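**Q** This is the structure I have questions about; it appears just below.
The values are calculated or read from the model by the stated rules, or taken from the named source; none is laboratory data. Since this is a predicted model, take the numbers as computed values, not measurements. Positions of Cβ are generated from backbone atoms using ideal geometry, with glycine treated the same way; all protein chains shown enter the neighbour counts.
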Amino acid sequence: MAETTGQLPNESASAPAARYTTGAVVILVMALAPQIIEFLTSCAGLIFNFSGRGPLQVLSAHGSALILAVPSLATQSFGGKGSLSSDTLLALIYSYPMLAVAVFTFLVRPRAPQDYFGGVAMMGLALFALWASSDLQGMHGFSFGAGTAPRMFGVLLLLLGGAVAGIGLVTDGPQLATYHWRGPLFVMLAIVCFALSIRPLGLVVSGLASFLIAALGTHETRWVETLIVGACLTGACALLFPYVLGLPMPLFPRFLVQ
């Protein structure tokens, strides 16, 4: 944690206000981050021949969803037929609330900025989880569906994040701290690497590679110990998931087992 954040030196009176404005802009970007990421992915798909929607389709779908999400919801509420699209749900559940928080952040001055922006980040994560689980089955009577637990935890995280942000508004607390991106960046890269490589390369290769990528998140990594721990964890996962839990996960690269 000490490597991720560090306190800023004393700032002038105008500096905090400028940083709060920057924070509001960051929240604004967060509100549109899923749309931006899909657009960039679709652009990359033109180069690497990924399947999926093209850039123009992404722009059209998300643009119309952001503009027409509320009318679409009103139409369905007053007897319209059909379910809302995933793009429309993304706008309603995630983007609109985060845009509202961004506008609110422009207008207020939190007394504990670190707590406020931390709470907002938790709210953003919760809203995204609620959208991601929106197409999963809910409860049927007393029977839990696949989406019940994610929604419950999403709502709890949303309430907790709102409480933390509210405390940051009304009580004095720490100012914003500097943030080092190395740790979170390599952890996210490790997750993406595992997601993309698990099918073609199998659990053994993708698991060990993801562990080593995550280890790059700190300059304190000792590679001999890291390789030993990574090999042990990969071996344990190779026994746990396919054999103990019975999950159909490939162990080795596809070209070796074919």
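**Q** So, restricting to helices (runs of 4 or more DSSP H) that lie completely within region 52-133, which ones have at least 2 residues that are aromatic (Phe, Trp, Tyr) and in the same structural domain as residue 158 (by TED's automatic domain parsing)?
**A** Passing ranges, in order: 113-132.
**Q** Scan region 226-241 and tell me whether some residue there is at pLDDT 90 or above, surrounded by fewer than 15 Cβ atoms within 10 Å (Cβ to Cβ), in a helix (DSSP H, G or I) and among the β-branched types (Val, Ile, Thr).
**A** yes
**Q** Tell me, yes or no, whether region 156-172 has at least one residue that is in the same structural domain as residue 253 (by TED's automatic domain parsing), surrounded by fewer than 19 Cβ atoms within 10 Å (Cβ to Cβ) and closer than 30 Å to residue 84 by Cβ. Give the steps one after another, and end with the answer.
**A** Of all residues in region 156-172, those in the same structural domain as residue 253 (by TED's automatic domain parsing) come to none.
So far as region 156-172 goes, no, none of its residues is in the same structural domain as residue 253 (by TED's automatic domain parsing), surrounded by fewer than 19 Cβ atoms within 10 Å (Cβ to Cβ) and closer than 30 Å to residue 84 by Cβ.
**Q** Exactly one of these conditions fails for residue 184: (1) in a helix (DSSP H, G or I); (2) exposed (fewer than 15 other Cβ atoms within 10 Å of the Cβ); (3) modelled with pLDDT of 85 or more. Give me its number.
**A** Every condition holds for residue 184 apart from (3).
**Q** When you check residue 207 against the structure, is it surrounded by 16 or more Cβ atoms within 10 Å (Cβ to Cβ), in contact (Cβ under 8 Å) with a residue 24 or more places away in the chain and within 21 Å of the chain's Cα centre (by Cα), yes or no?
**A** yes
**Q** Moving on to the next point. Name the pairs whose Cβ atoms lie under 7 Å apart, with the first residue in region 223-236 and not assigned by TED's automatic domain parsing to the domain that holds residue 250, the second part of a helix (DSSP H, G or I), and 6 or more positions between them or separate chains?
**A** none
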